[in-house]
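Readers should treat all values here as calculations from the given coordinates under stated rules, not as data from a laboratory. If you're wondering where the values come from, they're calculated on a predicted model, not measured in any experiment. Reconstructed Cβ throughout: ideal geometry from the backbone, glycine too, with neighbour counts over all protein chains shown.
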Amino acid sequence: MAQNPFIPFNRPWIDETEIAAVSEVLASKWISTGVRVREFERAFAEYLGVKHAIAVSSCTAALHLSLVVTGVGTGDEVITTPYTFTATAEAIRYVGAKPVFVDIDAHTLNIDIANIEQAITPRTKAIMPVHIAGLPCNMDALRDICRNHNLILIDDAAHAIPTEYKGQYIGTLGDLSAFSFYANKNITTAEGGMITTNSAALAEPLRKMRLHGIDKDAWARQSQRSIWRYDIAMEGYKYNMTDIQAAMGLCQLMKLNKQQECRRNFAQIYQTELAKFAEIKTPAAPDNPSEHAWHLYIIQLHTGNRDEFVESLRDANIECSVHYIPLHLFQFYQEQYGYRVGDFPCAEAAYERVVSLPLHPGLTEMDVHLVIDTIRSLMKNP
Ligand SMILES: Cc1ncc(COP(=O)(O)O)c(C=O)c1O
């Protein structure tokens, strides 16, 4: 039998546009933080409809700076989900705070809002929800909890560009939101991130903190007579974005609507076709006017062995992944906090059953149907 063409799990959408934009920056010889970063920040803020966007070197850096600027520190607790990439909890640890995990909702795979209040203690300073796969968390409920308990809301929006919650983009609703432009994200700059906020009081120090706490970066100093003179205004970090990355980011932002159309279309085909299989639970989709970013398409298997399923697809030249191994199952988090198997049953049950299928704008509808047909051939009750 002829082998299927290889269907990759993910591929960034990069073409001549990015190559030309990056080449232009290289030719200009101004390759670190400069005018392109400012343009990217403005365009990103304008797209979302948020007052401030601060470009940084990664989402991990964005989460870290968001905690620093809001004064979260040693001995504090930050409530988050165990069903995420390690970067979420890692950033909390950077400031000496403790990640306090709250189990997920089995249907949405997002943090279970109903379990949050019982995890709040006098040490709790912030809540850091993650919009898993691009599905918005219940922001109304999260904002209410934060308001009632005087907590900071920092959302990990690594998957959530462009996610809408009740008609407003994620990135406009938390005190601070952190986006990722890592290679596999819906917009990529290879590595990179963005912090968004409507607070000028938070944005202003963030612009300094991302580059050593310097009051004016080299681009801003160009027009002054003593180009070399600057002040260190506060404690800082080396978290700036380069113009090479920002040039790429600007091109990616221009393609965002088009790529979202592709993702939405492919996800809709998966939703319709896979819902016909009794063995598969298709992902939760939000009600209009909320909108899923479809960064990941995560199904859950009701029966059968997940690992064997992934391997069978791999044998058929279809690359899949698994999101996520819950953080409390990792040795490091168990040693640090005494977390054990059984602590977060919904996260564990999901982990045993989830498979992330290929979803990216490089696919064709034929590829998506090929994935579905291959899955059908693996089902006992097709
Ligand atoms: C949920 C989540 N948060 C944070 C990150 C970290 O992003 P970055 O690699 O840009 O630091 C990722 C990266 O995959 C992620 O999936």
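Using a Förster radius of 41 Å, what is the FRET efficiency between Lys51 and Ala27 based on their Cβ-Cβ separation? Nearest 0.05, please.
It comes to 0.80.
Per residue of the range 20-35, what does 6.51 cos²θ - 1.76 cosθ + 1.60 with θ = phi - 60° give for ³J(HN,Hα)? Whole Hz please, x for Gly and Pro, Karplus curve as stated.
With the stated coefficients, the range 20-35 comes to 5, 5, 5, 4, 4, 5, 4, 5, 6, 6, 9, 9, 8, 5, x, 5 Hz.
What order, most packed first, do the peptides 153-164, 200-211, 293-304, 221-232 have when packing is the mean number of other Cβ atoms within 10 Å of each residue?
Answer by packing, highest mean first, reads 153-164, 293-304, 200-211, 221-232.
Once fully extended, how much extra length lies between Gln3 and Ser321, figured as 0.36 nm per residue of separation less the alpha-carbon to alpha-carbon distance?
Difference between extended and current length: 112.4 nm.
Pop the C-beta distance of Ala275 and Phe330 into the FRET formula with R0 = 35 Å and round what comes out to the nearest 0.05.
Efficiency, rounded to the nearest 0.05: 0.60.
Restricting to the chain, what percent of DSSP beta bridges are antiparallel, rounded to 5?
60 percent
With a cut-off of at most 11 other beta carbons within 10 Å, and DSSP calling the residue loop, which trypsin sites (Lys or Arg not before Pro) in the range 286-382 qualify? Please list them.
Arg340, Lys380
In nm, to one decimal, how far is the Arg11 label point from the Thr364 one, both placed 7 Å along Cα→Cβ?
Result: 1.1 nm between the two label points.
Give the relative contact order (percent, whole number) for the chain; include only Cα pairs under 8 Å separated by 6+ residues.
Relative CO of the chain lands at 23 percent.
So, by mean Cβ neighbours within 10 angstrom, what's the order for 33-40, 170-177 with the highest one leading?
170-177, 33-40
Which value, in nm² and rounded to one decimal, describes the direction-averaged projected area of the C-alpha convex hull of the range 208-256?
Averaging across all directions leaves 4.2 nm² for the Cα convex hull.
Below 8 Å, C-alpha to C-alpha, sequence gap of six or more: please give me the relative contact order for the range 305-382 in percent.
37 percent
Which value does Rg/Rh take for the range 256-378 over its C-alpha atoms, Rh per Kirkwood?
Result: Rg/Rh = 1.01.
Over the chain, how many percent of alpha carbon pairs lie in each 20 Å bin up to the one with the longest distance?
Once binned at 20 Å, the Cα pair distances of the chain give 28, 56, 16, 1.
What does the charge count near Thr108 come to, summing +1 for each Lys or Arg and -1 for each Asp or Glu among other residues with Cβ under 13 Å from its Cβ?
With Lys, Arg at +1 and Asp, Glu at -1, the neighbours total -3.
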